[in-house]
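Scroll down for the structure; my scribbles are underneath it.
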Amino acid sequence: MSGRHKFLQHLAEGLHRGFALDWHLDGNTHAWPGHSLWARAARIKTRWRRAKIIPESRIAVSLPNSPAYLAYMLACWMGDWIFCPLPILHPLETQRRLKLLQPALWIHYPSDRVQEEILEGGIHDDQDAALILWSSGSMGGGNAYRLSFAALDWQVATHLPALQLSANSLLWNTLPWAHAFAGVLELLPACMAGSVIQVEAQRARHPPQDCSHLLTVPRIARLLTPKFLHSLQGGIIGGAPIGKVLANQLQGTALRVGYGQSEAGPGITLGHPGEFQPFILGHSLVEYALRGETLHYHSPGQADARLSASGWQSIQDDQGWINSGDEVSQDPDGCLFWRGREDAGFSLANGHSIRPEAEEARLTDQYPEAESIILGAPGARHLTAVAKVPGERVSTLRKKWQEPYPLSIPAAQFWDDAPVPQGKPSRRWLYSHWPD
């Protein structure tokens, strides 16, 4: 049995055992049972085959989390096509990614209905490829990585026991499935466990009362009450450094810290339930090595290549290791702690070298009103802070701000013009468009 058939069989069993999307749209709730989503995907597969979409072609999908997203993902795998999810991006960035992907089919939501566009010159892959996922790209526009069905199977098999999901579990969705963390570690284990995921078409603000599991980032976890966090039966907090304030709130919960990158598939560490300290990454699930302070790893669940204009390129060195780019330390028990990124340092005009991430983590931990806070000083002698803040929280942040860095809160249009308006802000773009 091929890796694709084995993985699809596990998905089908979970979807028919009780999985459902609790879909909230415009104040109305629609329950989408797993067997209905499976049937919808089968109809899509049949339609694409009649349209002669060649197997192993890439199919690019840019849709919000929804029953349609999941149905298109399943249809791709049923028909032996490669699912290439794209987050909702600036049009120029979307076009850059489509040019690199060269999909045979482009599915998006330009107005009031899903649109399918057949494109010329689609590329085919023959590596048992399941997904092509993009990193969020804090220093640039992000890279595309290919994950096999075997890699997905390892990720699910490794994380499912730790998550302790069952048919009685209810997950509250807060992250886009187009990114590796939620798309692999939330969606796929929930499908296979026959759990329920509550999805809101608008931005989710309030968790359901009977929520049992949560996979989210510190930015969202900081906005949740300690009572809710301690009521959860399991989940993962990952995707960004955890500061002191949030670590104290998470200590003693059933949640775990998790770490990984898109190229890692994305999970390579997990913490013990309720074990939280500032900048904790958890214990390695894979073979790893520290070269100096930089973490290198090799994982059965990692991507097998990175996509470039000239085709697929290996992401391993000559010994088979991947350089994570993260500088870490470890305690006597082998627990890893994050110290910063190799590529994020810069110098002030007076020559002082700055490593901003730890201080940025402290600031976002101290000021949960901000989605992100970036420190910089292009050409200057002193650091300033730029914050991305929802409009209703701007005045609150300004009143609370008591830091030595002047604070700039650009209008929403500033972020709309950024090449990567979703996920982590692009430092490279920010450094060249730094607000006065």
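Worth pointing out:
- Going through (1) in a helix (DSSP H, G or I); (2) in contact with a Leu (Cβ under 8 Å, 6 or more places away or on another chain); (3) crowded, with 21+ Cβ neighbours inside 10 Å; (4) not polar (S, T, N, Q) one by one, ALA151 falls short only on (2).
- Some residue of the stretch 269-278 being modelled with pLDDT under 95, in contact with a strand residue (DSSP E or B) (Cβ under 7 Å, 6 or more places away or on another chain), closer than 30 Å to GLY376 by Cβ and not hydroxyl-bearing (Ser, Thr, Tyr): no
- Each residue in the stretch 313-346 was checked for being β-branched (Val, Ile, Thr) and within 26 Å of GLU360 (Cβ to Cβ), and 2 pass.
- Residue that is surrounded by the most Cβ atoms within 10 Å (Cβ to Cβ), among those in the stretch 236-264 that are under 21 Å from LEU171 (Cα atoms) and among the small types (Gly, Ala, Ser): GLY260
- Whichever residue in the stretch 373-392 is open to solvent by 20 Å² or more (accessible area, probe 1.4 Å), touching a Ser or Thr at 6+ places or on another chain (Cβ under 8 Å) and not in a loop (DSSP other than H, G, I, E, B) and, among such residues, is farthest from TRP434 (Cα to Cα): LYS388
- Qualifying residue in the stretch 337-348 (condition: in contact with a strand residue (DSSP E or B) (Cβ under 9 Å, 6 or more places away or on another chain) and closer than 18 Å to LEU285 by Cα): yes
- Identity of the residue in the stretch 277-307, among the small types (Gly, Ala, Ser) and touching a Lys or Arg at 6+ places or on another chain (Cβ under 8 Å), that ends up surrounded by the most Cβ atoms within 10 Å (Cβ to Cβ): ALA303
- Residue list for the stretch 155-197, restricted to those being part of a strand (DSSP E or B) and either surrounded by fewer than 20 Cβ atoms within 10 Å (Cβ to Cβ) or aliphatic (A, V, I, L, M) (or both): LEU170, LEU171, VAL196, ILE197
- Residue within the stretch 183-193 that is more than 28 Å from ALA305 (Cα to Cα) and in contact (Cβ under 8 Å) with a residue 12 or more places away in the chain present: yes
- Any chance LEU363 is modelled with pLDDT of 75 or more and more than 28 Å from TRP134 (Cβ to Cβ): no
- Taking each residue of the stretch 408-427 that is modelled with pLDDT of 75 or more and looking for partners that are in a helix (DSSP H, G or I) with beta-carbon atoms closer than 9 Å, six or more apart or interchain, yields ILE409/VAL394; ILE409/LEU397; ILE409/ARG398; ALA411/GLY391; ALA412/GLY391.
- Filtered residues of the stretch 308-347 (kept if aliphatic (A, V, I, L, M) and open to solvent by less than 80 Å² (accessible area, probe 1.4 Å)): ILE315, ILE322, VAL328, LEU336, ALA344
- Check on GLY282, touching a residue at least 12 places away in the same chain (Cβ under 8 Å), under 20 Å from ILE220 (Cα atoms), touching a strand residue (DSSP E or B) at 6+ places or on another chain (Cβ under 8 Å) and assigned to a strand (DSSP E or B): yes
- Test: residue in the stretch 60-75 that is modelled with pLDDT under 90 and out of contact with any Pro (no Cβ under 8 Å at 6 or more places or on another chain): no
The values are calculated or read from the model by the stated rules, or taken from the named source; none is laboratory data. It should be emphasised that the depicted structure is a prediction, and the values quoted were computed from it without experimental measurement. Note: ideal-geometry Cβ built from the backbone for every residue, glycine included; neighbour counts use all protein chains shown. Areas reflect the complete protein model, heavy atoms only, side chains present, ligands, DNA and RNA absent. Shrake-Rupley method; radii C 1.70, N 1.55, O 1.52, S 1.80 Å.
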